[in-house]
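Colleague: The structure under discussion is supplied below as structure tokens; questions concerning it will follow.
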Amino acid sequence: MLDYQSIINAIYQDAIKAKDKGIVASYIPELAHINSDNFGIHLRTSKGETFGVGDFEKPFSIQSISKVLALSKAMSLIGEDIWKRIDVEPSGNPFNYLSLIEVENGIPRNPFINAGAIVIADILVSNLQNPKEDFLKYIQALTGDDSIIYNKDVANSEKITGFKNYATANLLKSFSNLNNSVDVVLDFYFHQCALEMTCSQLSKAFYLFVNQGKCLQNKVHITNQQVKRINALMLTCGFYDEAGEFAFEVGLPGKSGVGGGIVALLPEKFVITVWSPGLNKKGNSRLGMLALEQFTTKTKLSIF
Ligand code: DON
């Protein structure tokens with residue numbers, strides 16, 4: 001029997017001693033003041049056991065981790081039609097890279113680069129009655145926790161400095177791959193990214209991806225086939241131009257955010273969430289990746 005608590009405790013002890021904790025994202029000014037000493041891990045197994053260490057109950061900005069939850073909601077609403085507007089290939093480029101959109105005629109490479117996530121936001125704006133409220137309710141339903149909120153200051157901070165996202169949305173619009181106005185879609189997207197959640201809440205929210213589409217509250221949100229697709233996309237595209245490295249080091253489907261969170265999972269077995277705000281050069285949590293590498297090595301639990 002694996003002693004998960006001792007394993008994550010040992011990883012935590014190593015991590016807090018690390019000299020290079022990475023650099024906290026500052027291109028969204030509201031994120032720049034987050035202390036890079038924060039570090040939390042939370043594990044939820046499919047048997048219902050939970051384990052946590054460090055700052056696992058402290059809310060942080062989930063940023064691009066939200067793209068997986070937005071994709072799952074969009075899939076539940078319009079199914080396969082999504083793939084008429086977005087491809088499913090890794091991009092090998094940074095998350096906010098612009099040139100590919102033009103070269104590929106406004107069809108984003110995948111739903112996790114910003115261009116793809118903005119098309120997903122457009123789909124949600126078109127298909128939800130009150131998009132921001134309904135999306136928040138979806139997250140609250142997945143977790144059974146209605147204390148989860150959008151951090152308005154973070155959403156506003158990103159809006160003020162979101163020049164690349166405006167460029168991206170305008171390019172998509174020029175290729176007729178955005179049905180709503182740029183401002184409305186980006187307002188939704190900035191809020192979605194500004195969701196504040198703890199490691200333990202994220203482990204709950206992602207439970208449906210290890211449990212055949214059924215959330216902790218026992219409600220089926222997406223099909224088995226959709227779970228398979230989302231997990232495949234996390235593995236191949238969840239870390240942008242570092243997706244290969246994450247598969248190589250960790251060997252799990254996962255998704256990062258510039259708030260320093262990473263959620264990774266082994267289907268039918270567990271969800272693990274790590275938060276360490278300092279990022280590496282590719283914009284993924286530096287210590288988060290190292291911690292997950294240690295976790296799958298020590299437990300021998302990866303998909304490979
Ligand atoms: O659009 C942005 O730049 C941010 N809201 C999200 C970026 C992000 O988290 C990239 N992932 N590591």
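The values are calculated or read from the model by the stated rules, or taken from the named source; none is laboratory data. Predicted, not measured: the structure shown is a model, and the values here were computed from it. Heads up, the Cβs are rebuilt from the backbone with ideal geometry, glycines too, and the neighbour counts pull from every protein chain shown.
Colleague: Of the residues 112, 39, 56, which is in contact with a Leu (Cβ under 7 Å, 6 or more places away or on another chain) and either away from the ligand (no atom under 14 Å from the Cβ) or among the β-branched types (Val, Ile, Thr) (or both)? Don't jump to the end; show me each part of the working.
Modeller: Values: 112 fails: either away from the ligand (no atom under 14 Å from the Cβ) or among the β-branched types (Val, Ile, Thr) (or both); 56 fails: in contact with a Leu (Cβ under 7 Å, 6 or more places away or on another chain).
Within the list 112, 39, 56, the selection yields 39.
Colleague: Check whether at least one residue in segment 96-103 is in contact with an Asp or Glu (Cβ under 9 Å, 6 or more places away or on another chain), within 15 Å of the ligand (Cβ to nearest atom) and either modelled with pLDDT under 95 or among the hydroxyl-bearing types (Ser, Thr, Tyr) (or both), and report yes or no. Quick ask: steps written out before the conclusion?
Modeller: First, pick out the residues of segment 96-103 that are in contact with an Asp or Glu (Cβ under 9 Å, 6 or more places away or on another chain): 97.
Next, only the ones that are within 15 Å of the ligand (Cβ to nearest atom) stay: 97.
Then keep just the ones that are either modelled with pLDDT under 95 or among the hydroxyl-bearing types (Ser, Thr, Tyr) (or both); that gives 97.
Checked against the condition, which is being in contact with an Asp or Glu (Cβ under 9 Å, 6 or more places away or on another chain), within 15 Å of the ligand (Cβ to nearest atom) and either modelled with pLDDT under 95 or among the hydroxyl-bearing types (Ser, Thr, Tyr) (or both), segment 96-103 yields at least one hit.
Colleague: Can you pull out every residue in segment 133-160 that is among the β-branched types (Val, Ile, Thr) and surrounded by 14 or more Cβ atoms within 10 Å (Cβ to Cβ)? Spell out how you get there, then give the answer.
Modeller: Initial filter on segment 133-160 (among the β-branched types (Val, Ile, Thr)): 139, 143, 148-149, 154, 160.
Of everything in segment 133-160, those that are among the β-branched types (Val, Ile, Thr) and surrounded by 14 or more Cβ atoms within 10 Å (Cβ to Cβ) turn out to be 139, 143, 148, 149, 154.
Colleague: Can I ask one more? Would you say residue 201 is buried (at least 21 other Cβ atoms within 10 Å of the Cβ), closer than 15 Å to residue 68 by Cα and more than 15 Å from the ligand (Cβ to nearest atom)? Reasoning before the result, please.
Modeller: Working: buried (at least 21 other Cβ atoms within 10 Å of the Cβ): yes; closer than 15 Å to residue 68 by Cα: yes; more than 15 Å from the ligand (Cβ to nearest atom): yes.
So residue 201 passes the test.
Here is a yes/no grid of residues against (1) under 30 Å from residue 129 (Cα atoms); (2) out of contact with any Lys or Arg (no Cβ under 6 Å at 6 or more places or on another chain); (3) surrounded by fewer than 22 Cβ atoms within 10 Å (Cβ to Cβ); (4) modelled with pLDDT of 95 or more:
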position	(1), (2), (3), (4)
6	no, yes, yes, yes
19	no, yes, yes, no
22	no, no, no, yes
39	no, yes, no, yes
54	no, yes, no, yes
57	no, yes, yes, yes
62	yes, yes, no, yes
68	yes, no, no, yes
71	yes, yes, no, yes
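Colleague: Criterion first (closer than 21 Å to residue 288 by Cβ, modelled with pLDDT under 95, within 16 Å of the ligand (Cβ to nearest atom) and not hydrophobic (A, V, I, L, M, F, W, C)) does residue 90 satisfy it? Break it down stepwise before answering.
Modeller: Details: closer than 21 Å to residue 288 by Cβ: yes; modelled with pLDDT under 95: no; within 16 Å of the ligand (Cβ to nearest atom): yes; not hydrophobic (A, V, I, L, M, F, W, C): yes.
Against the criterion (closer than 21 Å to residue 288 by Cβ, modelled with pLDDT under 95, within 16 Å of the ligand (Cβ to nearest atom) and not hydrophobic (A, V, I, L, M, F, W, C)), residue 90 does not qualify.
Colleague: So residue 242 ticks every box in (1) buried (at least 19 other Cβ atoms within 10 Å of the Cβ); (2) farther than 25 Å from residue 296 by Cα; (3) acidic (Asp, Glu) but one. Which box is left unticked?
Modeller: Only one criterion in (1) buried (at least 19 other Cβ atoms within 10 Å of the Cβ); (2) farther than 25 Å from residue 296 by Cα; (3) acidic (Asp, Glu) is unmet by residue 242, namely (2).
Colleague: Could you give every pair whose Cβ atoms fall below 8 Å, whose first residue belongs to segment 192-210 and is under 18 Å from residue 235 (Cα atoms), and whose second residue is basic (Lys, Arg), counting only separations of at least 6 or pairs across chains?
Modeller: Filtered contacts from segment 192-210: 203/44; 207/44; 208/214; 210/269.
Colleague: Out of the residues in segment 170-198 meeting the condition of being among the small types (Gly, Ala, Ser) and part of a loop (DSSP other than H, G, I, E, B), tell me which one is nearest to the ligand (Cβ to nearest atom).
Modeller: 194
Colleague: Are any of the residues in segment 38-49 of a type in the set (Phe, Trp, Tyr) and out of contact with any Gly (no Cβ under 6 Å at 6 or more places or on another chain)? Break it down stepwise before answering.
Modeller: Filtering segment 38-49 down to residues of a type in the set (Phe, Trp, Tyr) leaves 39.
Among the residues that remain, those that are also out of contact with any Gly (no Cβ under 6 Å at 6 or more places or on another chain) are: none.
No, segment 38-49 contains no residue that is of a type in the set (Phe, Trp, Tyr) and out of contact with any Gly (no Cβ under 6 Å at 6 or more places or on another chain).
Colleague: When you scan segment 241-284 for strands (runs of 3 or more DSSP E) that lie fully inside it, which ones turn up with 2 or more residues that are farther than 15 Å from residue 60 by Cα and either among the small types (Gly, Ala, Ser) or in contact with a Phe, Trp or Tyr (Cβ under 6 Å, 6 or more places away or on another chain) (or both)? Before the answer, list the steps.
Modeller: Working: elements: 254-256, 261-266, 270-275.
Qualifying strands (runs of 3 or more DSSP E): 261-266.
Colleague: Now for a separate question. Could you tell me how many of the residues in segment 271-291 are touching an Asp or Glu at 6+ places or on another chain (Cβ under 9 Å) and either farther than 20 Å from residue 22 by Cα or among the aromatic types (Phe, Trp, Tyr) (or both)?
Modeller: Of the residues in segment 271-291, 1 are touching an Asp or Glu at 6+ places or on another chain (Cβ under 9 Å) and either farther than 20 Å from residue 22 by Cα or among the aromatic types (Phe, Trp, Tyr) (or both).
Colleague: Taking the condition within 13 Å of the ligand (Cβ to nearest atom), over 24 Å from residue 83 (Cβ atoms) and crowded, with 24+ Cβ neighbours inside 10 Å, does residue 264 pass? Break it down into steps so the answer makes sense when it comes.
Modeller: Numbers: within 13 Å of the ligand (Cβ to nearest atom): no; over 24 Å from residue 83 (Cβ atoms): yes; crowded, with 24+ Cβ neighbours inside 10 Å: yes.
When the stated conditions are applied, residue 264 does not pass them.
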